[in-house]
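This report refers to the structure that appears directly beneath it.
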Amino acid sequence: MADHRNVRSNDNNGKAPGRTTSPFAINLENFSKRIKVLYSHWSQFKKDLWGGSEAFSIATPPRSKDHLRYLKSSALSIWLIGDEFSDTIMVFMKKEIHVLCSQKKVSILEVVKKSARDAVGVKVIMHVKAKNDDGTALMDDIFEAVHAESRLDGYDNPIFGHIARETPEGNLLEVWDEKLKNANFQLADVTNGFSDMFAVKDTVEITNVKKAAYLTSSVMKFFVVPKLEKIIDEEKKVTHSSLTDDTEKVINEPARIKVKLRADNVDICYSPIFQSGGQFDLKPSATSNDDNLFYDSTSVIICAMGSRYSNYCSNVARTFLIDANSLQSKAYKVLLKAHEAVIAALKPGNKAVDAYLGAVSVVKSEGPDFAPHLTKSAGTGIGLEFRESSLSLNGKNERTLKTGMIFNVSLGFHNLQKEANNPKGQKFSLLLADTVIVGETAAEVVTSTCSKAWKDVAYSFNDDGEEEELVEPRKAKSTTKGAETLLSRATLRSVNHEVSKEELRRQHQAALAQRKNEETARRLAVGGYEGTNRGPMKPSGDLIAYKNVNDLPPPRDFMIQVDQKNEAILLPIYGKMVPFHIATVKSVSSQQDTSRTCYIRIILNTPGAPFAQNDPNLQKFPDSIYVKEVSFHSKDPRHISEVVQLIKTLRKQFASRESEKAERATLVTQEKLQLAGAKFKPIRLSDLWIRPVFGGRGRKLSGTLEAHTNGFRFATPKQDERVEIMFGNIKHAFFQPAEKEMITLVHFHLHNHIMVGTKKTKDVQFYVEVMDVVQTIGGGKRSAYDPDEIEEEQRERNRKNKISLEFQNFVNRINDLWGQPQLKSLDLEFDQPLRELGFHGVPHKSSTFIVPTSNCLVELIEIPFVVITLGEIEIVNLERVGLGQKNFDMTVVFKDFKRDVMRIDSIPTSSLDGIKEWLDTTDLKYYESRLNLNWRQILKTITDDPEQFIEDGGWEFLNLEANDSDSDNNSQESDKGYTPSDVQSDSGSEDEEDDSESLVESEEDEEEDSDENSEEEEGKTWEELEREASNADKEKGNESDSEEDRKRRKMKAFGKSRPPERRAGGSLPKKGRFR
């Protein structure tokens, strides 16, 4: 790659014009770390690589709109400061750094003074150049400073380093170059020093290269390949240059191929290259011509492209062969093997020459005839510069490879000859290129998303009669004579028949199944299924109503009293008022008999009772005698009712307060919000409502959301209504404009819970209603042409558009804020739901519209919200899928097997294909079953014996196709341990199927059932006590049990208070579903 390329370049560091960019801020942490690396490398290799220089300079030229340049000076400026400071001169000395630039750049660079002093002990001195000044006087001051420091070290004629290969551009640099030559210095070239220092990348640089490589390979796979297939399939005439323009646009707009990268940070490395028709140039400086794409039989198409992310480069090149002959097939396979040999040789400790010699060895042994046509290099280093010449993979470079080096591995055969009638098909070339990172043990190909396997790059038309028969129903193009038919459908050579979308999906799912089982096996082997411990909630402390007897309130009458202040009740027992803390009260009830006597019954917590085993206040005195329950009677029913109501209210308030206190105790400590200063005003969005809402009574008020330095703050006019959300605690951020909904919203899904009022939540939402949800009562139907009606609709549209615009501007500004260096590591960006992929379902109690985003599956309108992170999903099981079903259910199984599955019920069957397609494109493995499964039992079986789960084939027990092909006995053995105990049989009624009943019960349901049973055992009602006494009397009287008694005892075993009603058909009613 030459230093200058005839490609588009933009101002603002390569960013496209018209894009709004946030004010540049230097990452001081990176600056401090890299200034240390610079001075350390200069000191260590001063004689070998830096020419013995006592000082050196870098001079960055003015920005150019016509050429994308790769210069060492620009690379150092970006590497050290984070941006290319054009028209700037920096001089590095042992104790000082001198910077000559404009006032605007000086104001930005002022912040590095302290960091440079702290990191390497050097003083940064700024020299401000006036607009019309050539800088001569300031340059003299800098030269004098260099001579002064040199004289202190005993040198009169110091060695001054500069980048000799860069031609000065612009008036400032030309003056500097002229004065430098006449400044009584011994000039030395320090290019090798910079090259060696840039060779090994740090983690931030590697991350940027990986992002760039992901974009490059995604453009190749999801845009270029489908584009070429469509052109060939429809036999269009498209020029190479137009393909270049289209591809360049896609690189600069990653959202077009659903790549989640900020467009402001993206640019091309060079104009994409498309070549065909016998004219091939494998040099990086090649360009696309204006000839049409040539795709006749035995033709070759070469595509090469590179993209940059945050100025770091990546590259990929692929060769596509149309109806290849044996020579082309052999040449490509030899080249592919040689290319893989180069990548395999990129290991720490090997030499650069070993990689190229590995390729030569493969070519000479597998295809010696191709050896003269092999390129003279297998690639170069890549990073801030597209071509790092010191890391060239050729037959002479003895440079030792190190972990962290990155290479553009580019290998090809040039000007191969074959027989062809068309002159355009007589010559062909082959080229493969990938971006490769040298790892600790092996190389990592970061552009592997785009396959280079033979079956994925070799296309064919109908080679023989057999294939012609298979594709005959497809569209054909006939000649005027009708003598022959030219089939226009291009297919992969590895496929000899028309493959349906369902078949391709099935093949991909089979590959995913194997990969998923391997991944699950690795995770289970290290105990990766462990979830969070859900232990019992601990009370906040000792229960003390009164510290001493003197604190008891004076008795008004000898009757039950409720002390609200001390949270206690005082009961008259044996002439004394005995206090009980409200926490000791389990339940209270009242009853009135026929003689108008009222009874009050108070049941207290005692050791051994359910849900009391973990109460430390009961465990302190295990040998003490406890009061289990007390009963009182009174002739005043009004007083009894008042006492019962006071006790219940006080008990509810105490429980609510303790619950909130316990929830706050489990919260993760958040960092403190740093408010934006006067210089940078916070980004605001006003008149918002929040969900979950704040507690308390009174009219709800709207508030304002502000973005500060490290988080958001939402506040209403009420002082106690305030929420702070730290950027570091945000897991996902969503923006959903109102389309078919009544609200426009921004939603934050958090890593850790926070408190909104008295509610503990991981989801916080801010919204505005785009139109008033009102309905005119009693008004007649208005005409569609009513001017008032039309005006009202127009006002609603204007209001909706205005709100959407305000939210969009807020979201864009926040995205810019999150893109700044200090927040880039959080990798935050607002995601927007993709409505076209949405479907209806019942995740909780009501039917909602559920939509995917790029990283999640969400439902943000109805409460409780649904936010499922795709990266946390293990598998998805589609249940009740079968012929004749109107709807089906979807069960999401998470990688954390201790976490309950997420069920979405009653999804219309019409959405099944769309959901399958979406799951497949997001690389999520899905299975289908005819019935609902008991997932709690399945996951328990897996966690109890993970080794057996792996031995039995992992998740393949869910594979209906595999199970159906086995015999009945084998099927039963393979599903052993995973067959749910409560699966509904196929013979169930249609009503049962249409109700879409779930056979999975949640933990909350079990707790509620056990709670009810414990209530029956511990605190029986008066009727139950009387019934038991009557039964005892019957048993003593030797009376035989009646049919009704036997039914009652039978139902009591199931925890029922009365026998169930029977249906007309004689069957028991179906058990109600608890959600």
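The values are calculated or read from the model by the stated rules, or taken from the named source; none is laboratory data. Please read all numbers here as calculations on a predicted model, not as lab measurements. Here Cβ is always computed from backbone atoms with ideal geometry, including for glycine, and neighbour counts include all displayed protein chains. Ligands, DNA and RNA are excluded from the accessible area calculation, which covers all protein heavy atoms including side chains. Shrake-Rupley method; radii C 1.70, N 1.55, O 1.52, S 1.80 Å.
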Scanning region 729-773 residue by residue, those touching a Pro at 6+ places or on another chain (Cβ under 9 Å) and open to solvent by 10 Å² or more (accessible area, probe 1.4 Å) turn out to be Gln736, Gly757, Lys759, Thr761, Asp763
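Tally up the residues in region 225-256 that are farther than 27 Å from Gln832 by Cβ, open to solvent by 60 Å² or more (accessible area, probe 1.4 Å) and either free of Cβ contacts under 8 Å to residues at least 40 places away in the same chain or assigned to a loop (DSSP other than H, G, I, E, B) (or both), please. So that I can check it myself, show each step before the final result.
In the first step, residues of region 225-256 are kept if they are farther than 27 Å from Gln832 by Cβ; the result is 228-245.
When the remaining residues are screened for being open to solvent by 60 Å² or more (accessible area, probe 1.4 Å), the result is 229-230, 234, 236-237, 245.
Add one more test, that the residue is either free of Cβ contacts under 8 Å to residues at least 40 places away in the same chain or assigned to a loop (DSSP other than H, G, I, E, B) (or both), and what stays is 230, 236-237, 245.
Qualifying residue count for the region: 4.
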For Trp50: the one exception among (1) surrounded by 20 or more Cβ atoms within 10 Å (Cβ to Cβ); (2) of a type in the set (A, V, I, L, M, F, W, C); (3) within 37 Å of the chain's Cα centre (by Cα); (4) assigned to a loop (DSSP other than H, G, I, E, B): (3)
Enumeration of residues in region 162-173 that are assigned to a helix (DSSP H, G or I) and surrounded by 15 or more Cβ atoms within 10 Å (Cβ to Cβ): Gly170, Leu172, Leu173
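Inside region 747-761, can you point out the residues that are touching an Asp or Glu at 6+ places or on another chain (Cβ under 6 Å) and within 25 Å of Val811 (Cβ to Cβ)? Can you show your working first?
So in region 747-761, the residues touching an Asp or Glu at 6+ places or on another chain (Cβ under 6 Å) come out as 749, 758, 760.
Matches in region 747-761: His749 only.
Every residue, every condition in (1) under 25 Å from Arg713 (Cα atoms); (2) more than 23 Å from the chain's Cα centre (by Cα); (3) not aromatic (Phe, Trp, Tyr), yes or no:
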| site | (1), (2), (3) |
| --- | --- |
| Lys802 | yes, yes, yes |
| Leu805 | yes, yes, yes |
| Asn812 | yes, no, yes |
| Asn815 | yes, no, yes |
| Glu829 | yes, no, yes |
| Arg835 | no, no, yes |
| His840 | no, yes, yes |
| Pro843 | no, no, yes |
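Whether any residue in region 924-939 is of a type outside the set (Phe, Trp, Tyr) and closer than 30 Å to Ala733 by Cα is what I want to check.
Within region 924-939, the subset of a type outside the set (Phe, Trp, Tyr) is 924-925, 928-934, 936-939.
Restricting the remaining residues to those that are closer than 30 Å to Ala733 by Cα gives 924-925.
There is at least one residue in region 924-939 that is of a type outside the set (Phe, Trp, Tyr) and closer than 30 Å to Ala733 by Cα.
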Counting only residues that are assigned to a loop (DSSP other than H, G, I, E, B), open to solvent by 50 Å² or more (accessible area, probe 1.4 Å) and touching a residue at least 40 places away in the same chain (Cβ under 8 Å), which one in region 693-728 is nearest to Phe807 (Cα to Cα)? Val693
Check Asn325, Asn350 and return the single one that is in contact with a strand residue (DSSP E or B) (Cβ under 9 Å, 6 or more places away or on another chain) and open to solvent by 10 Å² or more (accessible area, probe 1.4 Å). Asn350
What's the number of the condition Glu234 fails, among (1) modelled with pLDDT under 90; (2) under 31 Å from the mean Cα position of the chain (by Cα)? (2)
When residues of region 563-583 are limited to those that are touching a helix residue (DSSP H, G or I) at 6+ places or on another chain (Cβ under 8 Å) and of a type in the set (Val, Ile, Thr), the one modelled with the lowest pLDDT: Ile582
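Take region 818-835 and flag every residue that is without any contact (Cβ under 8 Å) to a residue 60 or more places away in the chain and either open to solvent by less than 30 Å² (accessible area, probe 1.4 Å) or touching a strand residue (DSSP E or B) at 6+ places or on another chain (Cβ under 9 Å) (or both). Give the derivation first.
Of region 818-835, the ones without any contact (Cβ under 8 Å) to a residue 60 or more places away in the chain are 824-825, 827, 834.
If the condition is that a residue be without any contact (Cβ under 8 Å) to a residue 60 or more places away in the chain and either open to solvent by less than 30 Å² (accessible area, probe 1.4 Å) or touching a strand residue (DSSP E or B) at 6+ places or on another chain (Cβ under 9 Å) (or both), then Leu834 is the only one that fits.
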Consider Asn6 carefully, then state whether it is modelled with pLDDT under 90, among the polar types (S, T, N, Q) and under 16 Å from Ser74 (Cα atoms). no
Please tell me if Glu96 is touching a strand residue (DSSP E or B) at 6+ places or on another chain (Cβ under 9 Å), more than 30 Å from Ile382 (Cα to Cα), of a type in the set (Asp, Glu) and surrounded by fewer than 18 Cβ atoms within 10 Å (Cβ to Cβ). no
In region 924-952, what residues are under 25 Å from Phe888 (Cβ atoms) and of a type in the set (S, T, N, Q)? Ser929, Asn932, Asn934, Gln937, Thr941
Note on region 729-748: residues touching a helix residue (DSSP H, G or I) at 6+ places or on another chain (Cβ under 9 Å) and not in a strand (DSSP E or B) are Pro737, Ala738, Glu739, Lys740
The correct count of residues that are assigned to a loop (DSSP other than H, G, I, E, B) and at pLDDT 80 or above in region 584-604 is 1
Picking from Thr441, Thr449, the residue that is hydroxyl-bearing (Ser, Thr, Tyr) and closer than 16 Å to Val224 by Cβ would be Thr449
For a quick check of your reading: which strands (runs of 3 or more DSSP E) sit entirely within region 870-929 and have at least 1 residues that are among the aromatic types (Phe, Trp, Tyr)? 887-894, 926-928
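Of the residues Lys210, Lys258, Lys221, Lys230, which is within 20 Å of Lys452 (Cα to Cα), in contact with a Ser or Thr (Cβ under 7 Å, 6 or more places away or on another chain) and of a type in the set (Lys, Arg)?
After applying the criteria, what remains is Lys221.
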Filter region 142-163 for residues that are among the acidic types (Asp, Glu) and touching a residue at least 40 places away in the same chain (Cβ under 8 Å); which is nearest to Gly52 (Cα to Cα)? Asp153
Of the residues in region 849-864 that are touching a His at 6+ places or on another chain (Cβ under 7 Å) and either of a type in the set (A, V, I, L, M, F, W, C) or assigned to a strand (DSSP E or B) (or both), the one that is surrounded by the fewest Cβ atoms within 10 Å (Cβ to Cβ) is Phe849
Filtering region 99-112 for residues that are open to solvent by less than 10 Å² (accessible area, probe 1.4 Å) and either of a type outside the set (A, V, I, L, M) or out of contact with any strand residue (DSSP E or B) (no Cβ under 7 Å at 6 or more places or on another chain) (or both) leaves a count of 1
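For region 270-307, how many residues are in contact with a Gly (Cβ under 7 Å, 6 or more places away or on another chain) and buried (at least 24 other Cβ atoms within 10 Å of the Cβ)?
2
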